[in-house]
Structures are given as structure tokens and as C-alpha cells.
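Heads up: the structure comes next, in C-alpha cells.
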Amino acid sequence: MSAAEAGGVFHRARGRTLDAFPAEKENEWKGPFYFILGADPQFGLMKAWSTGDCDNGGDEWEQEIRLTEQAVQAINRLNPKPKFFVLCGDLIHAMPGKPWRTEQTEDLKRVLRTVDRAIPLVLVSGNHDIGNAPSAETVEEFCQTWGDDYFSFWVGGVLFLVLNSQFYQNPSKCPSLKQAQDQWLDEQLSIARQRHCQHAVVFQHIPLFLESIDEDDDDYFNLSKPARKKLADKFIHAGVKVVFSGHYHRNAGGTYQNLDMVVSSAIGCQLGRDPHGLRVVVVTAEKIVHRYYSLDELSEKGVEDDLMDLIKEK
């Protein structure tokens, strides 16, 4: 049995790494590549938002099913294929212990199983996946359902770090788990510095900030000032180029020193004027460039011509 078969499509993150990309084969630069980033399919939110009852599990999610199916179909048609497809959290809307959680999970799994097996899934935990104040039990449920809640992997000399951002938002019920991730992250950032990797990239659900490192605390959509500044300084010291997140259901972001914070809008429910969409991220030897596409754009024309334009961007 291969590693992929052993891990399964939803359990490729095990032992704090991703079995799709063996480090010994991926720790050297091999040339430009791209991946697809999505966020917040969040099955159930569109109905809950429309009724003004976002605290329940959301008892209808047909729209989200159709949108995620459209996203998967568009990704599967891309040529050349992306290296991976990362979902930056809030996979479903129903929080732990809420009605419809099992049903939403099974429907999302059914849709994601149709992703081309040559395109590994990278799944990030969001607050709806593990709770606003996660516990050891909710984190373990996520790990059993989707794989590790934080891990790292190499692709072509680029180090990718996947974080559980809820530990920086409210770790009150699981301080030891937060401490373990902190220790692990320090070790990974030390590796990034020592190895002089081509780039280092972070995926997490909650953004460090929406526009500016000095913006006010939102208490929901961004990390607190002390938490964001501490993390951002660690990232910069280690040479991290960009942090990608979701959570905001709108496109946003900014730059702090030489660290880009990219907030990508949702596959599912939109809280602003952005279309349902995905972000195409191109990694070259010198830079990381990206562009957000509506699902309709991606479905109609693909990205082949745009990939070359992105590679040439300064």
C-alpha cells in the first residue's frame, strides 16, 4: 500500500507532515510551480446568514455544495495541474456539538473526493471546525476527520507551514496544545533560517491582520495586536515571505515590513462584494505572485495564459 493510500485523501497530514511530498525528494528548488488556494466552503453558512441565525448549524447547504463542486471541476480541468489544493479553514459551518455537523462533513467529503487524485488536498483548521475556544476533544475530532491540525511540508525547495490559528485566538481550554504548537513552530522556523529555503509560506485560517499590523483588534476577524505582532516578527526573522488566510469572507490584506498578509475570500458565503472564488498562487525562484478568480472565470477559461503572465510579474 502506498503512502497516499495509507493516509487517505483526507488524512495525508500525519506526523506533522504531508505524505504527498516526501521531504527528501522536495527539499531542492526545481523550477516554478503553482497551487490553488480556497477558503471557507463552510457548508451551512449561507442559509444561516440569510436568516440571521448564524449560531445554529445551518440546516441547508445546497448552494455551498454546488459552489464547491464548481470549484473542484474547475481545478480538475487545469493543465498543467496545480501542485496542491489548500483550503484555509471553516470547511463546514456547524461547530462542534451543533446540529447538522455530521451531515455537512459527509457532504463536503463527498465533494472533495472528486478532486483529481494527482492534486493533494491540504486542509487547514478554522474556528468552525474546532470551535472558537477549542478543546483537546474538538482538536482530536478534527485530526480524526481531516488530518493533523498543524504540520509542514516541502515542495520544490519551498517550506510550507500550516498552523492552527485558533490557538492564538483563544487557547483557554487547551493551553498545553498551544504550547506544543509554539515549540514546533519555533523548530520549523529555525529550519527555515538554517536551510535557506527558496521561500517559506504560512497557511492559517484567521489573518494576522486585515490591512495593517497596527489596526485595531476586531475580536473575531484578526488576531489580537500582541499575538499578531509576535507571530509576524517571528515569521520575518525566519524569512517567511507570505501568510495566506481565509476567515474574512472578503479579499483583503497588507504588508508588514517584507511580510505579505493575503486574506482570500470564500468559496461559499460572501460577506462583501467579492465573487465566490479561488486564488491561483505561482511560485518562482524570486517571488510569489497570486491572483483571485471568480469560480465562473476559472470554469470558463482556466488559467494557462495567466500563469505565464503571473510568472513574469515583478
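The values are calculated or read from the model by the stated rules, or taken from the named source; none is laboratory data. This one's a predicted model, so the numbers in the text were calculated from it and none came from an experiment. When we count neighbours, we look across all protein chains shown, and the Cβ atoms used for this are built from the backbone with ideal geometry, even at glycine. SASA here: full protein model, heavy atoms, side chains in, ligands and nucleic acids out. Shrake-Rupley method; radii C 1.70, N 1.55, O 1.52, S 1.80 Å.
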(request) Hey, can you grab everything whose amide H is under 5 Å from the amide H of residue 260? Only 5+ residues off in sequence or another chain; H modelled, so Pro and N-termini drop out. (result) 242, 243
(request) Express in nm, to one decimal, how much length is gained between residue 311 and residue 140 on full extension, taking 0.36 nm for each residue of separation and deducting their alpha carbon distance. (result) 57.6 nm
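Determine the dipole magnitude for the chain: charges of +1 sit on the beta-carbon of Lys and Arg, -1 on that of Asp and Glu, nothing else is charged, the reference point is the Cα centre, and the result goes in debye to the nearest 20.
Charge dipole of the chain: 920 debye, to the nearest 20.
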(request) Measure off 7 Å from each Cα along the Cα-to-Cβ vector at residue 172 and residue 191, then give the distance between these two points in nanometres to one decimal. (result) 3.4
(request) Show the residues, 5+ positions off or on another chain, whose built amide H is closer than 5 Å to the amide H of residue 155. (result) 160
(message) Students often get this wrong, so check it: of 230/287; 83/178; 30/81; 229/287; 81/241; 241/312, which have C-alpha atoms separated by over 20 Å?
(response) 230/287; 83/178; 229/287; 81/241
(message) If you average the C-alpha positions of region 61-103 and of region 235-253 separately, how far apart do those two centres end up, in angstrom?
(response) 21
(request) Of all alpha-carbon pairs in region 68-136, indicate the percentage at a distance above 15 angstrom. (result) 57
(request) Could you go through region 261-270 in sequence order and give the Karplus-derived ³J(HN,Hα) for each residue, using 6.51 cos²θ - 1.76 cosθ + 1.60 with θ = phi - 60°, rounded to whole Hz, and x for Gly and Pro? (result) 10, 10, 9, 9, 6, 8, 5, x, 4, 9
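Whole number please: convex hull volume per residue, Cα atoms of region 12-70, in Å³.
145
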(request) With the cut-off at 31 Å, report for the chain the share of all Cα pairs above it, as a whole percent. (result) 23
(message) Through the Karplus equation 6.51 cos²θ - 1.76 cosθ + 1.60, θ set to phi - 60°, convert the phi angles of region 276-290 into ³J(HN,Hα) values in whole Hz; use x for Gly and Pro.
(response) 4, x, 9, 10, 9, 10, 9, 10, 10, 4, 9, 7, 10, 10, 8
(request) State the answer as a single residue: which of 311, 120, 85 lies farthest towards the positive end of the charge dipole of the chain, with beta carbon charges of +1 for Lys and Arg and -1 for Asp and Glu, about the Cα centre. (result) 311
(message) Of the candidates 69, 103, 187, which one comes out as most mobile in a Gaussian network treatment of the chain with C-alpha springs shorter than 10 Å?
(response) 187
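Between residue 55 and residue 258, 0.36 nm times their residue separation minus their Cα-Cα distance comes to what?
69.3 nm
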(request) For region 75-194, just say rounded, prolate or oblate: build the C-alpha gyration tensor, square-root its eigenvalues into a ≥ b ≥ c, call rounded for a/c under 1.5, and beyond that prolate if a/b exceeds b/c, oblate if not. (result) oblate
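Per residue, how big is the convex hull of region 1-138 when only Cα atoms are used? Give it in Å³.
Residue-normalised Cα hull volume stands at 131 Å³.
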(request) Pick out which of 14, 250, 66 has the largest mean-square fluctuation in a Gaussian network model of the chain, springs linking Cα atoms closer than 10 Å. (result) 66
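Sum up the charges of everything whose Cβ sits under 12 Å from the Cβ of residue 148, counting Lys and Arg as +1 and Asp and Glu as -1, but leave residue 148 out.
0
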(message) Give me the net charge for the shell around residue 123: Cβ to Cβ below 10 angstrom, other residues only, Lys and Arg +1, Asp and Glu -1.
(response) -2
(message) For the chain, set up a GNM with springs between Cα atoms under 10 Å and report which of 140, 286, 60 has the largest fluctuation.
(response) 286
(request) Pull up the DSSP beta bridges for the chain and report the antiparallel fraction as a percent, rounded to 5. (result) 55
(request) Report, ordered by chain and residue number, the aspartates and glutamates lying within cross-link reach of residue 234, taken as a straight Cα distance under 14 Å and ignoring same-chain residues fewer than 8 apart. (result) 182, 186, 187, 260
(message) 7 Å from Cα along Cα→Cβ at both residue 299 and residue 225: what's the point-to-point distance in nm?
(response) 4.5
(request) Find the percent of Cα-Cα distances in region 175-310 that exceed 18 Å, and round it to a whole number. (result) 60
(request) Could you state the accessible area per residue of the chain in Å², with a 1.4 Å probe and every protein chain left in place? (result) 41
(message) I'd like to know which of 248, 204, 97 lies farthest towards the positive end of the charge dipole of the chain, counting +1 on Cβ of Lys and Arg and -1 on Cβ of Asp and Glu.
(response) 204
(request) Convert each backbone phi in region 88-104 into a coupling constant with the Karplus relation 6.51 cos²θ - 1.76 cosθ + 1.60 (shift: θ = phi - 60°), then list the ³J(HN,Hα) values in order as whole Hz, x for Gly and Pro. (result) 8, x, 6, 5, 10, 8, 5, 6, x, x, 8, x, 6, 4, 5, 5, 4
